[in-house]
Structure formats: C-alpha cells, structure tokens
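These notes are about the structure you will find just below.
The values are calculated or read from the model by the stated rules, or taken from the named source; none is laboratory data. Remember, it's a predicted structure, so these values are computed and weren't measured experimentally. All Cβ positions, even for glycine, are placed from backbone atoms using ideal geometry, and neighbour counts span all protein chains on display.
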Amino acid sequence: MVFCLKKYDVTALGELLVDFTESGVSGQGNPFYEANPGGAPCNVLAMLQKLGKKTAFIGKVGRDSFGELLRRAVSEQGIDIGNLIMDSENATTLAFVHNAPDGDRSFSFYRNPGADTMLKEDEVDTSLLGNTKIFHFGSLSMTRGEAERATKMSVKAAKAAGALISFDPNLRPPLWKDLNVAKEKIGYGIEQCDILKISDDEIAFFTGASDIDRGVQKIREQYHTPLICATMGKNGSMAYYKEYKAQCPSFPNENTVETTGAGDTFMACVLNYVLENGLEKLDEQKLYEMLRFANAAASIITTKKGALRVMPSESDVREFLQGK
C-alpha cells in the first residue's frame, strides 16, 4: 500500500486512564502511588509522536481532576485531542499497578462504569477516520455496549476510507465479566486488522496453544492477518509476514523499574516501521530490523515510571542500540 496524503499517520480509539504505580513506602510503612497518565492507545500515540508522526485520539474521560490531568498530558505530547470528550456523569477510570518480585504485574481497576466505556457513536468525529493512514484500537473499548458500538463503527469507517487497521488485544481479565466474551471481542479485532500485536499469554488464551508458532499458525489459518507480531517479555519478540518469520531477543535492562507501557512502545515502533516502509515488501531482514528497534524502545521505557509522558526519542533508541 502506498499511503495517500492524509492528515494523520495514526488515529487511535480507546481507554485513557490514570495508572497508579508503586513509588516507595512512607515512614509509616504505607505504599506511595504515583499518578501516571496512561491507557494503551494513547501510549502508542505518544511514542509515535516522539518518532515524528502526527496522531489523533478518540475517547472519553471524566470531567474531574483526573480527566483534566489526562487531557493536559495527552495534549502536551502533541496528540490531537479534538475528539477527547469530557464526561460530566461518569468518572475517569483509575488503574492500580502492582509489581511482583519477578517483574510481573497485576492490576486493580476502578471502572464501574468508567467514562472511557461510555463513548457513543455520535460522539466520534468521523472526519478523523477518513483522514488517517492507520486506525488503532484494542479490546478494552469493547467491554461495554456504548463504547463497543462506537469502536465497531469507527473500524468500519476507517476501513471504508482505506486506512490500515491495527489491533492489540491488551487483555485485562479483571475488566471482563466473562472471559468467553473477551475471546469473542478479541476475535473480532483480529478479524478486522492488518497489523496484530499479541503477547504470548494472549496467544495461549485465544488459541489454546502454548507454542507461539502453533498459536500464530491457528490465527493465520482462520483470519489471514497480514502482519503478526508476538511479544514474549524477557524472551524477545517474533514477527510473521507471508512466508517470512523473524525473531529478535529482548534487551534486558539493569535499570528496569516496571514494565508498564513496554508493549505499547513496541506497538508504536511497529506502526512507525509500516508507515515508513509499507506493508507489501517486508522480508525476514526487514522484520528483524523492525523488531530490534521496537525491542530496544520497549527496554528503555521499562526504566521509567509510567509511559505516556516519558517515551524515548528515535535518537535515544539509536544510541541505545549502538552499544548492543
């Protein structure tokens, strides 16, 4: 695909929330939490902005102090927030991130309902969907009917306008009343997308296959997704395109403080590579080149608290790779 002239490189729809991440302990032994702007779709856009791309966000936050924090933070990154709705009836979603000693994470969400789940079809500015090269979304905007209808309408409109569709399941089990429904919504996303980023855990959940090659094969046989990127945490990542497969190790970082946003940073780098190189002539070497940059950027973000406000620049990533 040769991208025609469109105003935005990537437009994303979905959750925008506050990630409360552990940040020390008080003198009384109580944990401190730092309020970090987050939400996977906007994290992706923030990294793309750092890479010189033009982006726009579609979503909803509460008309409260947290919503105002998010509005300012997203705008500061240069992301177009003309379609960020402030909801006077529902509060901004909050997430508490708990880090385990092995580096794994768990989440506690305060979202019943969160403003992000109340986005309505008629609140979506469809001119954005007709003026973007890539439309990106995840499964969490489909946990409630209002936002699900807005999501599906947006996917349909973006596809009709010739945009590539990008999808990241971003499975968060606590946000689903029924994981069978989560699987169904993830299936919808995979069916619609041209570019899929999916973790090893999500592959096992969705396909039942613990082996990544086997799980990806199942997805390709059923959905014929052109580009699939599988992330494996400390074990690196893999990419599948036509008959080509590439694998790249991770870059373990001794300065890692948390992994929030690593997958979103990776996703943004994949989309950036597609924007600059197209989706027709990828081969094993190009896939490896794409993965190496994305893995390096993801490694850097793990040394920061939060993600949206602290994404690395292209020069940061290139400098990091020089020593590898």
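Structure values in brief
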quantity	calculated
Residue tally, condition surrounded by fewer than 21 Cβ atoms within 10 Å (Cβ to Cβ) and not in a helix (DSSP H, G or I), over segment 169-198	5
Selected residue [assigned to a helix (DSSP H, G or I), of a type in the set (A, V, I, L, M, F, W, C) and more than 25 Å from N272 (Cα to Cα)] from A158, A209, A150	A150
Where a residue in segment 278-292 is within 20 Å of S250 (Cα to Cα) and its partner, wherever it lies, is assigned to a helix (DSSP H, G or I) and not polar (S, T, N, Q), with Cβ under 6 Å and at least six apart	M290/Y273
Given (1) surrounded by 15 or more Cβ atoms within 10 Å (Cβ to Cβ); (2) more than 26 Å from I134 (Cα to Cα), number of the condition S65 does not satisfy	(1)
Test: residue in segment 6-21 that is acidic (D, E), out of contact with any helix residue (DSSP H, G or I) (no Cβ under 7 Å at 6 or more places or on another chain), surrounded by 24 or more Cβ atoms within 10 Å (Cβ to Cβ) and not in a loop (DSSP other than H, G, I, E, B)	yes
Any hit, segment 278-292, residues being modelled with pLDDT of 95 or more, among the polar types (S, T, N, Q) and in a helix (DSSP H, G or I)	yes
Qualifying residue in segment 122-134 (condition: within 30 Å of E34 (Cβ to Cβ), of a type outside the set (K, R) and in a strand (DSSP E or B))	no
The listed residue being in contact (Cβ under 8 Å) with a residue 12 or more places away in the chain and touching a strand residue (DSSP E or B) at 6+ places or on another chain (Cβ under 7 Å), out of A182, A246, A262	A246
Test: G29 is surrounded by fewer than 15 Cβ atoms within 10 Å (Cβ to Cβ) and either under 17 Å from the mean Cα position of the chain (by Cα) or in a loop (DSSP other than H, G, I, E, B) (or both)	yes
Counted residues, segment 1-58 - those being small (G, A, S) and either within 14 Å of N131 (Cα to Cα) or touching a residue at least 60 places away in the same chain (Cβ under 8 Å) (or both)	9
Lone qualifier among M267, M311 - being part of a loop (DSSP other than H, G, I, E, B), surrounded by 24 or more Cβ atoms within 10 Å (Cβ to Cβ) and under 19 Å from the mean Cα position of the chain (by Cα)	M311
Condition met for E34 (surrounded by fewer than 17 Cβ atoms within 10 Å (Cβ to Cβ) and either of a type in the set (G, A, S) or outside any helix (DSSP H, G or I) (or both))	yes
Hey, L84 touching a residue at least 40 places away in the same chain (Cβ under 8 Å), farther than 24 Å from I190 by Cα and buried (at least 17 other Cβ atoms within 10 Å of the Cβ) or not	yes
